[in-house]
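Take a look at the structure below.
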Amino acid sequence: MTSTAPRFHGTDSYLSSEGLQAAVNCALTLQRPLLVRGEPGTGKTLLAEAVAQSLGLRLLTWHVKSTTRAQDGLYVYDTVQRLYDSRFGEGDVRDIRHYIRLGPLGEAFASKERVVLLLDEVDKADVEFPNDLLHELDRMRFRITETNEDVAATHRPVVIITSNNEKELPDAFLRRCVFHFIDFPDQELMRRIVEVHHPGLDASLTEQSLKVFYELRNFTRLRKRPSTSELVDWIAVLKANGVTQVRLEEQLPFLGALLKREQDLMAVAEAFGRGRRTKA
């Protein structure tokens, strides 16, 4: 039997491994949330944009904070605006529906078309948040108490959840997700990523930049290792300033684009610059 389920193969601007593509397609087939983990800079957040672009769907984004509740994702009742309108005579305060604001999850349910919903950094929220979230996703409907209206989803959204592993997620939550850990790109994949962002870059500068980048990542004294996005930014600055050669043994130009902690800048200067302050 030929499957009619949509397939994800990456995009021209988002290069993905076969394992990541398989995880996305598994989640699409099972219609379950995809939970992705990986160190910063591995493309967890950008994955949702790539999936939406690849499938031709609209992307909704929900940035999770420490105070976020599942209810916030469904809707909020703007009592402050209603009070303001009642005092100053603006708006129809008799119609509560004017003051109901759908959250990203509520908007995904109310959408007439399937959407991609990104829940970014789910591990920042309270420990009960993940289970509350999946409860709402299982039901695929919710009631707006203030208006006594039911909102039922016509299409199950494609849900992508990112985690930085700041705290353990509940087992019940993990059981109901498809999971993938995004490995940091190896040098060959990173070379392709650089080519996407800097097409036509001089091959010599590409190889030198990659060599320095991975040497820095392997430098054990760093508290924060540089990420993919920081490499891309660094190369952009090198190009803009006409730099054609970089070596870790010498003072590195614009190192502040790669390293973001003073201790790391000092450690690199001491280890590779014979104690000289590295140019930022």
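The values are calculated or read from the model by the stated rules, or taken from the named source; none is laboratory data. Predicted model, so just to flag it, every value in this text is computed and none were measured. We place every Cβ from the backbone using ideal geometry, glycine too, and count neighbours over all the protein chains shown.
Checking Ala108 against (1) in contact with a strand residue (DSSP E or B) (Cβ under 9 Å, 6 or more places away or on another chain); (2) more than 18 Å from Ala48 (Cα to Cα), which single condition isn't satisfied?
Tallying (1) in contact with a strand residue (DSSP E or B) (Cβ under 9 Å, 6 or more places away or on another chain); (2) more than 18 Å from Ala48 (Cα to Cα), Ala108 fails exactly one: (2).
Quick one: which strands (runs of 3 or more DSSP E) sit completely within region 37-148 and have at least 1 residues that are under 16 Å from the mean Cα position of the chain (by Cα) and modelled with pLDDT of 85 or more?
In region 37-148, 58-63, 115-120 are the strands (runs of 3 or more DSSP E) which contain 1 or more residues that are under 16 Å from the mean Cα position of the chain (by Cα) and modelled with pLDDT of 85 or more.
Got a sec? Which of Thr67, Thr29 is of a type in the set (S, T, N, Q), assigned by TED's automatic domain parsing to the domain that holds Val159, over 19 Å from Cys177 (Cα atoms) and out of contact with any helix residue (DSSP H, G or I) (no Cβ under 7 Å at 6 or more places or on another chain)?
Exactly one of Thr67, Thr29 is of a type in the set (S, T, N, Q), assigned by TED's automatic domain parsing to the domain that holds Val159, over 19 Å from Cys177 (Cα atoms) and out of contact with any helix residue (DSSP H, G or I) (no Cβ under 7 Å at 6 or more places or on another chain), namely Thr67.
Can you give me the number of residues within region 36-84 that are more than 30 Å from Ile96 (Cβ to Cβ), hydroxyl-bearing (Ser, Thr, Tyr) and in contact with a strand residue (DSSP E or B) (Cβ under 9 Å, 6 or more places away or on another chain)?
Total meeting the criteria: 2.
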